[in-house]
Amino acid sequence: MTDLLKLFDDLDHNARQPCNVGADHPRWAGGVDRVKVYMPGHPRASCNYVLRSILVMEQQIGRFLKSEEVTHHKDGDIRNDDPANLILCSNQSEHLSKYHPDKERTDDGRFT
């Protein structure tokens, strides 16, 4: 994993974007906030943070996840990023069809 991260050593690691995420977001409705790790320059970083589940899965498979790949938590606890609890799905469609087949959609197609 450290070899992969060396690719990003030349980036400005002090650059920060203002982001309202989790409880700081104006539309936050409560719930569990996922664990994020400060990793500026990471290909999956959003406002310099990456979901810990992504980093754990990348460590397990020895490469960065592709943009369409999704991690699934076997026990349904999105804060449990133990490697034994994570499954890699090739895309969101596979994730939903295998692990959330009964999930209902709203009139505009969003999942409830």
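No value in this document is a laboratory result; all are computed from the given coordinates. Quick caveat, the model's predicted, so the values are computed rather than measured. Glycine gets a Cβ as well: all are built from the backbone with ideal geometry, and neighbour counts include every protein chain shown.
Here is how the numbers come out for the structure above:
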read-out: Peptide ranges 44-55, 93-104 listed from the most packed, as the mean C-beta count within 10 angstrom indicates; value: 44-55, 93-104
read-out: Per-pair calculated FRET efficiency, R0 = 25 Å: residue 68 and residue 102 via Cβ, rounded to 0.05; value: 0.60
read-out: Highest average packing first - 35-43, 58-66, Cβ atoms within 10 Å; value: 35-43, 58-66
read-out: 9 Å beta-carbon shell around residue 51, net charge (K/R +1, D/E -1); value: +3
